[in-house]
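Novice: This is the structure I want to talk about, given as structure tokens.
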Amino acid sequence: MMNCFSCTNAKNFREYDEDMVPRSIHDTVVSPRVSGQKNYQKTNVARSFTLKELAAITQNFQEANLIGEGGFGKVYKGQLDCGMTTVAIKQLNLEGLQGNQEFIVEVLMLSLLHHPNLVNLIGYCTDGDQRLLVYEYMPMGSLETHLFGIGPNKEPLSWRTRLKIAVGAARGLQFLHCKANPPVIYRDLKCSNILLDDDFNPKLSDFGLAKLGPVGDNTHVSTRVMGTYGYCAPEYAMSGKLTLKSDIYSFGVVLLELITGRKVIDRSKKTGEQSLIVWAHPFLSNKRKHAQLADPMLGGRYRNRCLHHAIAIAVMCLQDDATFRPSIDDIAVALEYLLAQEDSSSRTSGAKSQTHAPQVSPTTNVKLDPKIQERGGYYVSV
Ligand SMILES: Nc1ncnc2c1ncn2[C@@H]1O[C@H](COP(=O)(O)OP(=O)(O)OP(=O)(O)O)[C@@H](O)[C@H]1O
Ligand SMILES: [Mg+2]
């Protein structure tokens with residue numbers, strides 16, 4: 001799990017906006033609508049569980065059922081409906097109102113927004129002081145566990161699977177940015193929040209940090225800085241100015257992690273290599289050096305052309321000027337194209353493609369801002 005940047009202690013590293021959330025689940029102030037839908041879907045409404053019910057399906061939150069732990073608490077596996085449905089139950093460490101706010105945002109967002117690339121919230125529990133969330137179970141866990149530091153006995157993710165995950169994550173974000181009205185800024189896009197089903201279809205999880213986007217003529221919403229160190233857009237980290245383009249920066253980081261198999265910040269690496277963006281910088285701007293960015297675990301099993309385009313998309317997302325970053329619509333189209341090319345080239349077993357990719361041309365003159373570089377170096381300007 002990455003450390004968030006406002007504090008090193010995972011339990012209290014986030015700051016919160018008092019203005020951003022209603023005080024209870026039923027007290028919705030602003031409700032995002034989904035284009036084409038007059039009202040929210042009334043079906044798929046999250047169920048309310050008692051603590052007793054959730055204790056029963058996790059054998060009293062037994063260690064054997066523990067499947068993960070994040071900054072907000074432990075995640076357990078459980079069986080619902082007489083074993084017919086497997087679920088993941090997150091038991092939040094409530095540190096006063098802050099955790100409660102995240103809880104309410106999570107329940108609201110996930111109750112209202114449904115998409116194949118967003119994790120499904122099955123229910124919640126608010127017994128006494130307890131706050132638990134019940135999600136659909138994602139059998140392959142998070143992208144983080146498949147991408148970084150995998151042992152010799154585990155098969156690394158193939159290039160195609162990485163593209164497929166990037167496409168699915170882009171579709172989930174596209175739904176939040178383009179279909180929800182007002183748009184939803186996700187704010188916490190990172191590998192540990194991308195969960196995978198049996199077939200490596202990705203779903204975005206953890207909406208506790210999500211914020212309803214700007215409405216009317218406003219271009220951004222002001223907010224105290226939250227998120228995870230390394231994934232946060234520079235303008236958001238420095239000024240708290242939050243736009244949809246903040247999510248695009250985080251998407252660029254995730255894409256670069258998928259390409260390189262390296263964590264955005266890895267303190268176990270030697271100096272100069274701890275920040276992925278700093279390390280990647282000389283290779284990003286030089287097409288001839290792109291192969292040096294590719295994850296060695298791929299063993300060269302990717303097409304160079306596809307690698308160039310994927311890197312070009314990442315570079316565009318990582319631009320320091322947020323207005324130059326592409327929209328998630330454009331990113332999804334470009335990545336879908338790359339995935340389709342991958343599939344057609346594997347069908348024709350290496351036959352050369354005559355078609356051209358959408359305009360995602362590799363950039364030149366990528367520069368790192370020295371001030372940012374000192375602080376861990378996490379953005380490029382083109
Ligand atoms: N719905 C789920 N299905 C299967 N595994 C899950 C599910 N939700 C979470 N997990 C597992 O639990 C781990 C912890 O998740 P959690 O969201 O609590 O923390 P995190 O994303 O690692 O960090 P952070 O608290 O900063 O978001 C995940 O990495 C994943 O392996
Ligand atoms: Mg998470």
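The values are calculated or read from the model by the stated rules, or taken from the named source; none is laboratory data. No experiment lies behind these values; they were computed from the predicted model shown. Positions of Cβ are backbone-derived with ideal geometry, glycine not excepted, and every protein chain shown enters the neighbour counts.
Novice: Between a residue in region 256-274 that is in the same structural domain as R160 (by TED's automatic domain parsing) and of a type in the set (D, E) and any residue that is surrounded by fewer than 22 Cβ atoms within 10 Å (Cβ to Cβ) and part of a loop (DSSP other than H, G, I, E, B), which pairs come within a Cβ distance under 6 Å, given they are 6 or more apart or on different chains?
Specialist: Pairs that qualify, where the first residue is in the same structural domain as R160 (by TED's automatic domain parsing) and of a type in the set (D, E) and the partner is surrounded by fewer than 22 Cβ atoms within 10 Å (Cβ to Cβ) and part of a loop (DSSP other than H, G, I, E, B), are D266/Q274.
Novice: Which of the following residues is closer than 30 Å to K52 by Cα and not charged (D, E, K, R): I89, I150, I165?
Specialist: Numbers: I150 fails: closer than 30 Å to K52 by Cα; I165 fails: closer than 30 Å to K52 by Cα.
None of the other options fit; the residue is I89.
Novice: Quick one: which of G123, G151 is of a type in the set (G, A, S) and either more than 14 Å from ligand 1 (Cβ to nearest atom) or within 22 Å of Y229 (Cβ to Cβ) (or both)? Steps first, answer last, please.
Specialist: Working: G123 fails: either more than 14 Å from ligand 1 (Cβ to nearest atom) or within 22 Å of Y229 (Cβ to Cβ) (or both).
G151 is the lone residue from the list that is of a type in the set (G, A, S) and either more than 14 Å from ligand 1 (Cβ to nearest atom) or within 22 Å of Y229 (Cβ to Cβ) (or both).
Novice: Against the condition over 13 Å from the mean Cα position of the chain (by Cα), of a type outside the set (D, E) and surrounded by 16 or more Cβ atoms within 10 Å (Cβ to Cβ), how does T126 come out, does it pass?
Specialist: yes
Novice: Let me ask something additional. Suppose the filter is within 16 Å of ligand 2 (Cβ to nearest atom), over 24 Å from Q174 (Cβ atoms) and not assigned by TED's automatic domain parsing to the domain that holds I185; does N65 pass it?
Specialist: no
Novice: Sticking with this one: Which one of V119, V107 is closer than 29 Å to T161 by Cα and β-branched (V, I, T)?
Specialist: Testing whether each residue is closer than 29 Å to T161 by Cα and β-branched (V, I, T) leaves just V119.
Novice: Residues of region 129-145 being surrounded by fewer than 21 Cβ atoms within 10 Å (Cβ to Cβ) and either part of a helix (DSSP H, G or I) or among the charged types (D, E, K, R) (or both), which ones?
Specialist: Across region 129-145, the qualifying residues are D129, E136, E144, T145.
Novice: I'm checking my understanding of the structure. Among residues of region 189-200 that are assigned to a loop (DSSP other than H, G, I, E, B) and either surrounded by 24 or more Cβ atoms within 10 Å (Cβ to Cβ) or of a type in the set (K, R) (or both), which one is nearest to ligand 1 (Cβ to nearest atom)? Steps first, answer last, please.
Specialist: Initially, region 189-200 is screened for residues assigned to a loop (DSSP other than H, G, I, E, B), giving 189-190, 197-200.
Those still in the list that are either surrounded by 24 or more Cβ atoms within 10 Å (Cβ to Cβ) or of a type in the set (K, R) (or both) too: 189-190.
Details: L189: 11, K190: 7 Å.
Applying the filter and picking the extreme gives K190.
Novice: Does any residue of region 168-186 turn out to be within 16 Å of ligand 1 (Cβ to nearest atom), assigned to a loop (DSSP other than H, G, I, E, B), closer than 22 Å to S327 by Cβ and touching a residue at least 40 places away in the same chain (Cβ under 8 Å)?
Specialist: Yes: one or more hits.
Novice: Among M238, M297, which is the only one that is of a type in the set (A, V, I, L, M, F, W, C) and more than 22 Å from the chain's Cα centre (by Cα)? Can you show your working first?
Specialist: Working: M238 fails: more than 22 Å from the chain's Cα centre (by Cα).
The conditions single out M297.
Novice: With the checklist (1) out of contact with any Gly (no Cβ under 8 Å at 6 or more places or on another chain); (2) not in a helix (DSSP H, G or I) in hand, flag the one item T161 doesn't pass.
Specialist: Among (1) out of contact with any Gly (no Cβ under 8 Å at 6 or more places or on another chain); (2) not in a helix (DSSP H, G or I), the lone unmet condition for T161 is (2).
Novice: I've got another one for you. Which one of the conditions (1) buried (at least 19 other Cβ atoms within 10 Å of the Cβ); (2) at pLDDT 90 or above does M297 fail to meet, given that it meets all the rest?
Specialist: (1)
Novice: For the structure I just gave you, tell me whether K190 is within 19 Å of K263 (Cβ to Cβ) and not β-branched (V, I, T).
Specialist: Details: within 19 Å of K263 (Cβ to Cβ): yes; not β-branched (V, I, T): yes.
So K190 fits the description; yes.
Novice: Also: Take residues that are within 25 Å of the chain's Cα centre (by Cα) and surrounded by fewer than 16 Cβ atoms within 10 Å (Cβ to Cβ) and tell me which of the strands (runs of 3 or more DSSP E) falling wholly in region 49-98 contain 1 or more.
Specialist: Per the criteria, 66-70, 85-92.
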